[in-house]
Structures are given as structure tokens and as C-alpha cells.
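One structure is given here, and the rest of the page talks about it.
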Amino acid sequence: MHVVLLGGAGYIGSVAAEHLVSYGHDLTVVDGLIYTRDGDPTSLLPAGAAFTQGDLRDPVVLREALAGADVVVHLGGLVGEPACARDERLAVELNYAAPILAADAAVRAGVGRYVFFSSCSVYGSHEGTVDESTTPNPLGIYARTKVLAERRLPEVLGGIPTTILRLATVHGRSPRQRLDSVVNRMASRAVADGRIPLNGGGQRRPLVHVNDVVRVLAQALTMPGNHVWNVGSDQENHTIGDIARTVADAVPGALIDYGPELDEADARDYAVSFARLREALPGVCSTTLKQGVEEIARAVANGTLGNPAEAQYDNHAGLCAAVADDRVAVLGTPDCDRLHAEYQDVFGGGR
């Protein structure tokens, strides 16, 4: 099967690339390398994966990359509210315009399936437990762009089977490592500084290991029909405080740094049901929080990972560096302007 990973040199994509090549797929990775200063993806991708460096908002890049593809997987974009809040217009172009333009290219190329990576962040703040039928309540730019893309993709794709993967908060090791998500941040800081940063503690978060995400993707490539799945497991719903205590147990001597009772910059609070995924793919998400914490802690302790404060490990800091180096910017093409206007019509604001 010829699979095209759009954004395949990123945190999840570089893990996905390795797995999909090992499964025997013919793989093409397309990535703008926003976070790779030297422009060389060879250390991130497996041998056997074809690579194209290109902007995922460029219709020419998309048309050429998708020629002959059986499945298109859209992983690209800005992840996390701090990175998206830096420039809302850029976030809308990369997180909403890009997947819609890729869907249009997929229709023209006659692909057989489109997989879109979304986020459980679309649920925002909810009492009780949410599932795929729960009305989204996006609280920030990142979640809003994901919600709007989810809504519009089926219209653009028409009859092309579509799978939407709403990921829990991802943790674990990757060739393109992130350390700014909650589990990875706490575990890496515990080893490097002896401190575990904690704002609040009662906010609920579902978690999933990056390897489990890739296992879901691998099976989703051949699952017939249309699907919307929360990706994670019911056992991995935790509070922020639970995560901090798990890290403290795993890193002897590390102390929890209690910050404000609530992180006002991130008011997300939700527990998620993963029953639909469990029924479709039993046992696919089995890695625990403890295993992910130990994995990151070990990589920092043995020097495999560098200083967790380096910009390369942080999406917001990495984006700021990329903008300063002119490696990414708002395009403002007619297509991007049109799709940004759609976002404004729904959510207002924007620059």
C-alpha cells in the first residue's frame, strides 16, 4: 500500500514512518521541517521512506506527493495552544487550511482513504465522561482549528472513506522528541532539575503512548467505512496531580513544584471514553503512564536526550525560532485567505 504521511517528520510522524515501513508499506513523507534547523530529515526517518520537503499549504506540492497514493494521512500542523496562540492566522493556515487543501488534492488524486489526526482537546471542559457523540467545546485556537477541520473534511472528501483520530495527550519517545506535553515535561524536568512542575492538579487528562497511536493508525489504514475514534484507553484517564505523583515515584528525590491552583492558560478538564476504539481494535492501547514516564526519565538520565529546556523540544519555542529564521510564515494565498475567512465566520477573532 502506498501511504503518504503529511507532516511525517514530526513527533508522531517519525514514529509512524518507522512502523509503517517495517509493515511493508510504500511510504512517502512530506514535511516542511519547521522544527529541523539543518533541513536534513535522515535522522528522523527510516531507510526506505521517500521524503519530500515542502509546504503542506502548497497545492503543487500536494498534487505531486499524492499522485498514486492509496491512503493520505494528515499529521501536520501546530500542536498545542501556546504554539497556536503565537500567531492565530498561521495556526489556522497550518491546522485548518492545510488539511482541507490536502483533502481537495486527495479527491483529485483518487486516493482510497483519508486519515486526519485530531485531538481530544476538542472536548474542552466537560463534567462526567465524554465520548465521540459529545458536542465539542473547544477552548482555544488549537482545538477550534481541529473542530472546524473535522466538520469540513467529509464535505470536501465526498465519498472517500475518512478516519478521524482524536488523540489523548501523547507521551513517550520519538526521533523528533517533544518534551513540552504534560507527561514528557514532568518526567524530563524531574530528572534534569529534580523538580516536577504542577499547576493545579485536579484537571483530568486522558493519556496515550505514541507507539499505541501508531498501532491504531496502522490498523486504521485498512479498516473499511468512516470512523471517528477517541484514541487512548479508559485506564489512562488521569488527573494532572496523578501524573505528577507517578513521576515522583519513578524519579527518586524529585519534588513536586506546586504552582497556581488552576493554570488559567489551559482550562481543559475532561475524562474520555474509549469504548468505541476498544470495540473496534481490542487491546491496541496498552502502554501505561508509568512506562512512558520511565522511558523519558531514562533517556534524559543516560544522556540520549539533551537539556529539556532546549527549543528543539518545545513546540512554542521551536516555532518562534522557525519564524525568526524565516522557515515558516503566513502565506496569505487566495485559498488560505478563503479558509481563514471560514474560520472567522465560525469563531470570530483572527489576525
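How big, in percent, is the set of alpha carbon pairs in the range 130-189 lying more than 19 Å apart? Mind dumping the intermediate values first?
Working: 892 of 1770 pairs.
Value for the range 130-189: 50 percent of Cα pairs lie more than 19 Å apart.
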The range 157-282 - Rg and Dmax from Cα coordinates, angstrom: 16.6, 56
Would you compute the Debye intensity of the range 58-186 from its alpha-carbon atoms alone, equal scatterers and no solvent, and pass along log10 I(q)/I(0) at q = 0.09, 0.16 Å⁻¹ to two decimals? -0.28, -0.86
Using the eigenvalues of the Cα gyration tensor, what equivalent ellipsoid semi-axes result for the range 48-103 when each is taken as the square root of five times the eigenvalue, whole Å, largest first? 23, 12, 10
Could you give P(r) for the range 265-351, binned at 10 Å from zero, as whole percent values over all Cα-Cα pairs? 12, 18, 29, 30, 12
Using alpha carbon centroids, what distance separates the range 302-351 and the range 23-72, in Å? 19
Please report the antiparallel percentage of the DSSP beta bridges confined to the range 142-297, to the nearest 5. 20
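Using the reciprocal of the averaged 1/r over all distinct C-alpha pairs, how large is the Kirkwood radius of the range 1-84 in Å? Provide the component values of the computation, followed by the final result.
Working: mean 1/r = 0.0780 Å⁻¹.
When all Cα pairs of the range 1-84 are included, the Kirkwood radius is 12.8 Å.
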Between Thr129 and Tyr258, the two model label points (7 Å from Cα along the beta-carbon direction) sit apart by a distance in nm of 3.0
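Compute the length gained on full extension between Ala50 and Gln235: take 0.36 nm times their separation in residues and subtract their Cα-Cα distance, giving the result in nm to one decimal.
Details: separation 185, 0.36 × 185 = 66.60 nm, distance 3.72 nm.
This chain segment gains 62.9 nm when fully extended.
May I ask you to order 87-97, 271-281, 2-12 by the average number of other C-beta atoms within 10 Å around their residues, highest value first?
On the way: 87-97: 24.4, 271-281: 18.0, 2-12: 27.3.
Most protected by this proxy first, the peptides run 2-12, 87-97, 271-281.
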Per the Cα gyration tensor, the range 215-312 corresponds to an equivalent ellipsoid with semi-axes, largest first in Å, of 30, 19, 14
For the chain, convex hull of alpha carbons as volume per residue, Å³: 127
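Considering only the chain, what is the antiparallel percent among its DSSP beta bridges, to the nearest 5? Please list the in-between numbers first.
Details: 3 of 41 bridges.
Just about 5 percent of them are antiparallel.
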Can you check what the net charge comes to around Leu157, using other residues whose Cβ is under 14 Å from the Cβ of Leu157 (Lys, Arg +1; Asp, Glu -1)? +1
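Throughout, read-outs are computed from the coordinates displayed, never taken from laboratory work. All of these numbers come straight from a predicted model, not from anything done at the bench. No Cβ is skipped: glycine too gets one built from the backbone with ideal geometry, and neighbour counts run over all protein chains shown.
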